[in-house]
Structures are given as structure tokens and as C-alpha cells.
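Below: the structure, in C-alpha cells.
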Amino acid sequence: IRRIGVMTSGGDSPGMNAAIRAVVRACAYYHTECIGFYRGYQGMIEGDYMEMNARSVQNIITRGGTILKSARSKEFLTKEGRQKAADNLKKAEVDAMILIGGDGTFRGGKIFNEEHHIPIIGVPGTIDNDINGTNYTIGFDTALNTVVEAIDKIRDTASSHNRLFFIEVMGRDAGFIALNSGIGAGAEEILIPEENLGLDRLLDSLERSRRSGKTSSIVVVSEGDKIGKNVFELAEYVKENLPDYDAKVTVLGHIQRGGSPSCFDRVLASRLCVRAVELLLDGQKNLMVGFVNNRVEACSLDQALKSKHKINKDLLRISDILST
Ligand code: ATP
């Protein structure tokens, strides 16, 4: 392998720049050329890339987002689109690709490899942490810290006015962000898609808290929660049924994707991407690098795509105990 391509795809996440830097620097260390494609698969289809060397990634480890930009490419879903991408890789003499993104990115990479036999290594980069084969995805830890900091601020105003706040956090159909930030921020209740709490239990719990002397409450709601009401309807429902509560809603939105990556995410990105380059140079392919039980481990792309990794139900129990 003489030349490795790298790209970032799907939703951006803090730490993607640290990942790009690690790929580029590891390539430089091993005397392998590296080029970066812009806007994920779309840049591969358009042949939009830049040659990268150790100096082209200086000072990016601290920056959120991705200097290579990210995109969702409809064209890559078609055989013709993937053919264009393969032709461009050939023209640019790229022997292998490192794909930094989420499960959609890996699904695309797997099909691309089956059709065009270009070796692929996937690196999990998404704030949602919803990928099998790794305990942590790049960006998850930073997003948690952002969410906890925001909830801390909302708590200040909640406790000054005896208010109940419903705070919607990201995670798509996974509750990892809600569950961990909810515990970290001391939430009263945490609503996640994996475990439907039910409206009655929510009302009971809030009523119990009020009787026990709590003057304000925070409920963290995952955006994919399946309680049957969106976060605004939920607040209305609680106001109708518990008139003592002044219920407010905050949707944290895209601030959760931004910001300088935490040290954890920088180290994770660095470790995963050095291994990704080493695996390719070692002749391996079609793997995803992950972080499992404190070690960097690779699994097949198939395994990474097989099922979402499960939330730790013990965290729900901890949350219940601590909101007593
Ligand atoms: P995130 O988890 O942050 O959303 P993701 O990688 O899952 O990241 P997607 O938009 O699902 O984000 O996928 C990224 C890109 O991968 C898509 O825009 C598309 O170009 C490509 N892709 C996804 N699924 C497939 C597929 N089945 N076949 C070919 N390409 C695909």
C-alpha cells in the first residue's frame, strides 16, 4: 500500500479532526502517502481531494468539526455513483481508504468494497455512540460534557423558579447520550428509546418528588424516545395533570455536535486511527477499529453493522436510586 485516502462522512462529531490528524501523521511516520477527500463519499465521486502531509494537520487537534467537511451523499447510494468514486480513486492512485463516520458510512464502505475491492478500514465517529464493536465512538464524550454543562446552567434557573425542565438531547434512536448525561447532571428522570417508562410512571415519579420537598426537577428526554409524545407535548401533558408544576422545554440541538474535543476523544481518535493505518499496512481490510475494555480492537465491518450495541440497563437502576 503506497497511498491511503481518508474522509469524514455522515454527521460530524468533535474529535474527527484529531482522527484525520492521526491518520495523516501515522501515514507520514510509515512513509506512506495520504490524501484527504472532502465531503465524504461526495468528494470521492467528484474527485475533490487534497494531498496531505504531517504539516497540513497542524493545530487541528483542538478544533471541533472536520477540516475535510462531511456530507451525506445520495449519489453514493447508486451503483453509478460508486463507480465514479472507484474511478477517481484509481486516477488518484489510492490503494486503500479510511472512513471516519457512523453506521451508514460503514454500510456504504462495505458495498463499495464488495463492488470495487478497495480495502477499507472504518473508524467510528459519531456523538450517538450507537455502533457495535466499540464501547465508545469519537465525539460521544465531548457531547456528554457539552450536555452536562448546559443542563447545569438550566438547573440554576430551574431551581430559582421552582420549575420543571424537559431537556431534549440528541442520540437518534439510541439513549446513550440521555442516559449518561442524565446521570451526570443529576436528572430526576431519563426517557430513552430502549426503555419506555410510560406516562403514568413519569407522573407518579414527579408527584413523589414534589411531595418529598424537591423544588425543581430536570427530565432528560432522548430525541428518539418512544413515550408517544414529543418533548413539547410531554410538557403540556404534565402541566395538565400536575398543575403545580411550571413545565418548560429546552431542545439542546446542534450545540451538542460542536466544540473542542475532550481529551478522552482526542486520545481515542489518536489510538483508533494509528491502528487503522497499521492494519492497512499489515494487509488487513474491511474492519472497524473500536475501543473495547480499554483496548483497541478490530472487528469485521459486518459485525460492526450487525446490531446496535446495547445500553447498560444498570445505569437506569443507578439513576432511579439517585433520584430518590
Ligand atoms: P451519523 O451516525 O452521524 O448519522 P452515518 O455514517 O450513519 O453518520 P449516514 O448519512 O447514514 O451517516 O451515512 C453516510 C453516507 O454513507 C450516506 O450519505 C451515503 O452516501 C452512504 N451510505 C449509507 N448507507 C449506504 C448504503 N446502504 N449504500 C451505499 N452508501 C450508503
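Quick note: the coordinates plus some simple rules give every number you see, no bench work behind them. No experiment lies behind these values; they were computed from the predicted model shown. So basically every Cβ, Gly included, is an ideal-geometry build from the backbone, and we count neighbours across all protein chains shown.
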Would you mind computing, in nm to one decimal, how far apart the modelled labels at residue 72 and residue 215 are, each placed 7 Å from Cα along Cα→Cβ? 4.4 nm
Please give the net charge around residue 267, taking every other residue with its beta carbon less than 15 angstrom from that of residue 267, where Lys and Arg add +1 and Asp and Glu add -1. +4
The chain: Cys lacking any partner C-beta under 4.7 angstrom: 263, 273, 299
Residue order, fewest to most surrounding Cβ atoms within 10 angstrom, among 315, 68: 315, 68
Let me check the size of the chain from its C-alpha atoms; what are the radius of gyration and Dmax in Å? 21.7, 70
To make sure I understand, if each residue's beta carbon is the centre and we count other beta carbons within 10 Å, what order do 97, 50 fall in, fewest to most? 50, 97
Straight-line reach from residue 153: which lysines have a Cα under 17 Å away, not including same-chain ones fewer than 8 places off? 248
Subtracting the Cα-Cα distance of residue 107 and residue 322 from 0.36 nm times their residue separation yields 73.5 nm
Provide the net charge surrounding residue 316, with neighbours chosen by a C-beta distance below 14 Å and charges set as Lys +1, Arg +1, Asp -1, Glu -1. -3
How long is the gain from residue 239 to residue 271 if the chain were fully straight, where each residue apart is worth 0.36 nm and the alpha carbon distance is subtracted? 6.7 nm
Calculated from backbone phi, Karplus (6.51, -1.76, 1.60) coupling profile of region 232-247 in Hz, x at Gly/Pro: 6, 5, 4, 4, 4, 4, 5, 4, 5, 8, 10, x, 5, 8, 9, 8
For 200, 173, ascending order of other Cβ atoms within 10 Å (fewest first) is 200, 173
Quick one: which residues, 5 or more positions from residue 99 or on another chain, have an amide H under 5 Å from its amide H? H modelled 1.01 Å from N in the peptide plane, none for Pro or chain starts. 121, 122, 123
Taking a label point 7 Å from the Cα of residue 314 along the Cα→Cβ vector, which residues of region 280-294 have an amide N closer than 16 Å to it? 293-294
Amide H to amide H under 5 Å from residue 169: which residues, 5+ apart in sequence or cross-chain, H placed 1.01 Å off N in plane? 221, 222, 223
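Quick one: dipole size for region 73-123, taken about the Cα centre, charges +1 on Lys/Arg Cβ and -1 on Asp/Glu Cβ, in debye to the nearest 20.
On the way: 8 positive and 8 negative charges, 25 e Å.
Dipole size: approximately 120 debye.
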How about residue 110: which aspartates and glutamates have a C-alpha closer than 15 Å to its C-alpha, ignoring those fewer than 8 places off in the same chain? 302
What residues qualify as long-range amide H neighbours of residue 138, i.e. H under 5 Å apart, gap of 5 or more or another chain, H built at 1.01 Å from N? 125, 126
HN-Hα couplings for region 115-128 via Karplus (6.51, -1.76, 1.60; θ = phi - 60°), in whole Hz with x for Gly/Pro, come out as 7, 10, 6, 8, x, 10, 10, x, 10, x, x, 6, 6, 6
Provide the per-residue ³J(HN,Hα) series for region 214-224, in order, calculated from phi with Karplus coefficients 6.51, -1.76, 1.60 and θ = phi - 60°, each as a whole number of Hz, with x at glycine and proline positions. 6, 9, 8, 9, 10, 10, 8, 10, 6, 4, x
For residue 84, which lysines qualify as cross-link partners when the Cα separation must be under 16 Å and same-chain residues fewer than eight apart are set aside? 74
